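> Starting off with a structure, shown below.
The values are calculated or read from the model by the stated rules, or taken from the named source; none is laboratory data. Computed from a predicted structure; not experimentally measured. Cβ placement follows ideal geometry from the backbone for every residue including glycine, while neighbour counts extend to all protein chains displayed.
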Amino acid sequence: MRLRLLPAAPLAAVLLAALPAIAAEPTAHAAHATAAQALTDGVVKKIDKAAGRVTLTHGPLNGMPGMTMAFAVKDPAWLDTLKPGERIRFAADTVNGALTVVKIERP
Ligand SMILES: [Cu+2]
């Protein structure tokens, strides 16, 4: 069983609204159900295993314009396989207040 990190929920929610990259909750709700989701192009910029995050440059996504930002990941093991500079297709969803990569496909 995986330990769940308890988020500072109200603060995280406020920060998330202004700055998605700061909200931190990398491992909770790893089993969050994923419906069929549109995939977006992304380029891996940075991997932070300690924080459980990957920084991606993404195109238009979930109402955001294209930008570079950090995401939590649904499965921390993905951080071992992603490489800076790699092009991926991915889907993101808000999981417990943190924008989280929930699906990855390699072209
Ligand atoms: Cu973004």
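> Considering each of L11, L19 in turn, give the residue that is at pLDDT below 55, within 13 Å of the ligand (Cβ to nearest atom) and exposed (fewer than 14 other Cβ atoms within 10 Å of the Cβ).
On inspection, the qualifying residue turns out to be L19.
> Restricting attention to the stretch 35-75, report how many residues are among the aliphatic types (A, V, I, L, M) and touching a helix residue (DSSP H, G or I) at 6+ places or on another chain (Cβ under 8 Å).
Residues flagged as among the aliphatic types (A, V, I, L, M) and touching a helix residue (DSSP H, G or I) at 6+ places or on another chain (Cβ under 8 Å) within the stretch 35-75 amount to 3.
> Follow-up question, since we're still on this one. So, in the stretch 48-99, how many residues would count as being out of contact with any Leu (no Cβ under 8 Å at 6 or more places or on another chain), surrounded by 17 or more Cβ atoms within 10 Å (Cβ to Cβ) and under 14 Å from A38 (Cα atoms)?
Going through the stretch 48-99 one residue at a time, the tally reaches 2.
> Taking the stretch 56-107 only, how many residues are within 15 Å of the ligand (Cβ to nearest atom) and touching a Phe, Trp or Tyr at 6+ places or on another chain (Cβ under 7 Å)?
Count: 5.
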